[in-house]
Structures are given as structure tokens and as C-alpha cells.
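The values are calculated or read from the model by the stated rules, or taken from the named source; none is laboratory data. Only a predicted model underlies this, so the values are computations on that prediction, with no experimental measurement involved. Glycine gets a Cβ as well: all are built from the backbone with ideal geometry, and neighbour counts include every protein chain shown.
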Amino acid sequence: MSDLTERMVRRMLAERNLFGLAIFAILVVVLFSIVSDNFLSVVNFQSMGFQVAEVGLLSLAVMLSMLTGGIDLSIVSVANIAALVAAQLFKSQHADSATGGQALVMTVGFMLVGIAAGTACGVLNGLIITKLRVTPILATLGTLQLLNGIAIIWTGGMAIYGMPDAFLNIGTGYVAQIPVPVIILLVAAAATAVFVNRTGIGLRMKLVGANSTAARYSGLNNDRVLMMTYIASALLSSVAGVLIAARSASANADYGASYVLLAIVIVVLGGVNYAGGSGTVTGVVLAAFVLQFVSSGFNQVGFNNFLYSIAQGCILIVVLGINSVSARWSPSSRFAILGRRRRNGPGAASSPPAALAGIAPPGAFVRSDPDQLAGGRSQDPGSPPEGENQ
């Protein structure tokens with residue numbers, strides 16, 4: 001199958017996944033609008049907008065790492081570090097009483113410092129993965145525990161308050177009746193889409209995720225790609241952490257512990273290949289809104305929060321199963337099988353290689369040479385023929 005045909009098939013499959021996800025979103029909205037009178041209200045959608053932004057940003061961070069065939073489990077810990085650094089700076093400067101230009105300067109400056117601190121945690125992840133050769137899932141699991149422990153020791157397990165209104169408006173304000181966090185999510189999603197689809201490092205991320213060995217032999221610096229990937233993942237996580245602090249008016253060391261599983265569910269539901277190599281930002285953002293619709297609908301109907309956790313696990317298992325089955329029966333897989341059959345010929349698969357043609361399987365009966373039987377003994381193949389030593 002040619003590269004052009006393969007790209008067309010992958011694009012059609014991605015569009016089909018987005019179409020199915022959009023249909024699922026419409027069904028969820030219709031269902032909960034029937035069982036709840038307040039689901040379609042403007043207030044409810046604004047409330048969902050404030051909540052979906054932080055989860056969507058964390059999901060984009062997981063998506064980047066999953067495109068390379070890895071995963072970043074430290075997203076929540078990185079987000080909390082960024083939030084705590086910014087909150088501690090606000091507290092140390094008594095910024096809660098600041099107004100006007102002073103509050104604006106503090107807000108911008110301390111936000112950038114917090115985001116930089118969280119991004120530095122991504123550098124740590126990249127160094128562990130590329131220099132120590134630790135598997136990404138184990139490396140980020142270790143930094144998750146490390147950063148969480150540092151945050152708890154630093155704060156004593158207490159929340160940090162004392163932020164100015166200029167900062168809090170980022171998490172609770174509106175622009176034309178649209179929550180500011182939603183606007184931040186959409187801007188971050190657009191930037192991530194450009195980064196993944198329109199830059200060289202984004203293309204290399206997909207190549208490394210599709211086949212890291214082939215990428216290395218083609219001249220790519222896999223370590224540099226992985227380093228940039230986990231730095232970008234930490235950057236998105238840090239933005240999410242600052243947004244969480246602005247919405248909740250506080251920073252806490254153990255905030256959002258359940259967001260890791262939720263982000264993974266969103267990424268998989270959004271059509272990102274968990275083995276690496278493919279995925280769309282549009283699918284991830286749409287999946288984040290779908291699960292937020294489900295969460296809001298569960299709350300309005302009065303379901304237990306644990307039922308939503310069960311729903312997350314069921315969705316993850318079902319989507320992984322469907323992806324596994326569809327991968328075996330996808331057009332690209334069938335084209336690849338047909339291509340191998342045409343190259344090898346009709347009987348190539350059943351006949352052994354020429355080098356193995358004379359080797360009998362273990363335990364098989366081997367008929368002796370009649371000439372050797374007539375001579376009364378088997379000649380050692382390594383010994384010279386008779387008469388050659390005379």
C-alpha cells in the first residue's frame with residue numbers, strides 16, 4: 001500500500017471516530033435534557049465550562065506523551081507544583097489586597113514563575129526517560145510520588161490562600177458570557193494542534209510513537225523528541241494547575257488526584273492510539289466535553305459520584321476493546337495483509353525458507369542413507385572420506 005493511500009485511510013478512520021464521538025455527544029445531551037429540566041440551561045453549560053477546561057488541558061498533556069508511545073502519570077503533581085509556587089508567591093507578597101496595575105503585574109509575573117516551575121518538572125521527566133532509560137510509565141509514576149511528597153512537606157498538607165482578584169478572575173470570569181477557562185482551553189488546543197501537525201517536532205513525535213526503531217535508523221534523535229514531548233506535557237499541566245488555583249482560590253498539594261484516570265479515559269475516547277503514532281486534538285477536546293456532559297448529567301439526576309467512576313472505567317475498557325478489534329479488521333490492516341501475500345506469492349507462507357529446508361523438526365524420524373546402511377555404519381560428516389589419509 002502506498003504512503004498516500006495509507007494516509008487517506010488513516011484520515012478516514014480519524015474522521016469516522018470524530019463522527020461517532022459527535023453522535024455520542026448528541027445522544028448524551030438529548031438523554032439528560034429529557035431526564036433533567038435544567039441540563040440545557042445557560043447556567044449549567046457555563047458551570048460545565050469552568051470544570052472542563054482544567055481536565056481538557058491535562059488530557060492534552062497526556063495526549064502528547066501518548067503520541068510517542070509513552071504516558072505521563074505526573075500531570076496532576078506537576079499542576080499542583082505550578083499552582084503552589086504561584087500561590088506561595090502571592091501569599092508572600094500579600095497580594096490579596098493588591099489592586100490595579102500592581103495586581104496585574106503580580107498576576108502575570110507569578111503565573112509565569114509557577115508555569116516555569118511546573119515545566120522544569122517536565123525536564124526532570126525527560127532526563128529520567130532519556131538518560132536513565134526508564135520506561136515512561138515508571139518514570140512518571142516515580143516523579144508523581146516525588147513531587148507529591150515534596151508538595152505535602154512544603155505546605156504541611158494545608159491549602160494556600162491569598163490571591164488577588166485579578167488572578168481569580170481568570171478562573172471565574174466571563175468574556176461575552178463564555179467562561180474564561182473555556183477560552184484558555186480552546187486557545188491551548190489550537191496551539192497544541194499547530195505544534196503536533198504543523199511543526200517538525202510534532203511530526204517526529206508521531207514517527208517515534210509509530211516505530212521508534214525505524215525513527216532512530218532514519219536519523220531522528222529520539223531522545224530529543226522525548227525530551228521536548230515531556231516538557232510540552234508539563235507546560236500544559238502547569239497551565240492547568242494555575243487555572244485550578246484561580247478557579248478554587250487556593251492551591252493544595254493533593255488536589256485532583258482522580259484527574260489522571262479521567263484524562264486517560266478522555267484521551268483514549270478521543271481516538272488517540274495508546275500504542276503511539278496517531279491522534280487528534282479535536283477528538284481529545286470533544287471527548288473532554290462529552291465526559292463533562294455525562295458528569296453533569298449524573299449530578300443533576302442524583303446519581304452517586306462513585307457511579308461516575310464506574311462509568312469511566314467501563315468507557316475505558318469498552319473503547320480499548322473496540323479499538324483493538326477494529327485495528328485487526330481495519331482497511332489498512334487488510335491492505336497490508338494483501339500486500340504481503342502479493343509480495344510473497346501464493347505458496348510462500350506455507351513453504352519453509354531455503355536455509356531450513358533440510359533441517360528436520362525435533363523428534364521427527366529421519367530416514368538413513370541407504371549407502372550408509374549398506375556400509376554398516378554412519379560416516380561422520382566431519383571426517384575425511386576413506387582413502388584420503390592413505
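Residues in region 169-179 that are assigned to a helix (DSSP H, G or I) and surrounded by 17 or more Cβ atoms within 10 Å (Cβ to Cβ): Ile170, Gly171. Residues that are surrounded by fewer than 24 Cβ atoms within 10 Å (Cβ to Cβ) and under 28 Å from Leu60 (Cα atoms) within region 86-103 comprise Gln88, Leu89, listed in sequence order. Among the residues of region 134-168, the ones that are in a helix (DSSP H, G or I) and either crowded, with 20+ Cβ neighbours inside 10 Å or in contact with a Ser or Thr (Cβ under 6 Å, 6 or more places away or on another chain) (or both) come to 10 in all. Among the residues of region 205-221, those identified as surrounded by 14 or more Cβ atoms within 10 Å (Cβ to Cβ) and either at pLDDT 95 or above or of a type in the set (A, V, I, L, M) (or both) are Met205, Leu207, Val208, Ala210, Ala215, Leu220. For region 171-202, filtering for residues that are more than 18 Å from Val284 (Cβ to Cβ) and among the aliphatic types (A, V, I, L, M) leaves 5. Only one of the numbered conditions (1) surrounded by 15 or more Cβ atoms within 10 Å (Cβ to Cβ); (2) among the small types (Gly, Ala, Ser); (3) under 16 Å from Ser237 (Cα atoms) is violated by Gly69, and that is (3). All of Ile183, Ile201 fail the test of being part of a helix (DSSP H, G or I), closer than 29 Å to Ile160 by Cα and modelled with pLDDT of 90 or more, apart from Ile183. Filter region 180-203 down to the residues that are surrounded by 20 or more Cβ atoms within 10 Å (Cβ to Cβ) and without any contact (Cβ under 8 Å) to a residue 40 or more places away in the chain, then identify the one that is nearest to the chain's Cα centre (by Cα). Ranking the qualifying residues of region 180-203, first place goes to Gly202.
Would it be correct to say that Leu236 is crowded, with 24+ Cβ neighbours inside 10 Å, within 20 Å of Pro179 (Cβ to Cβ) and of a type outside the set (Phe, Trp, Tyr)? Full working, then the answer.
Working: crowded, with 24+ Cβ neighbours inside 10 Å: yes; within 20 Å of Pro179 (Cβ to Cβ): yes; of a type outside the set (Phe, Trp, Tyr): yes.
When the stated conditions are applied, Leu236 passes them.
Tell me, which residue of region 1-47 that is in a helix (DSSP H, G or I) and of a type in the set (Phe, Trp, Tyr) is modelled with the lowest pLDDT? So that I can check it myself, show each step before the final result.
From region 1-47, those in a helix (DSSP H, G or I) are 3-35, 42-47; that's our starting set.
So of that shortlist, the ones also of a type in the set (Phe, Trp, Tyr) come out as 19, 24, 32, 45.
Details: Phe19: 81, Phe24: 85, Phe32: 90, Phe45: 92.
For region 1-47, the residue satisfying everything is Phe19.
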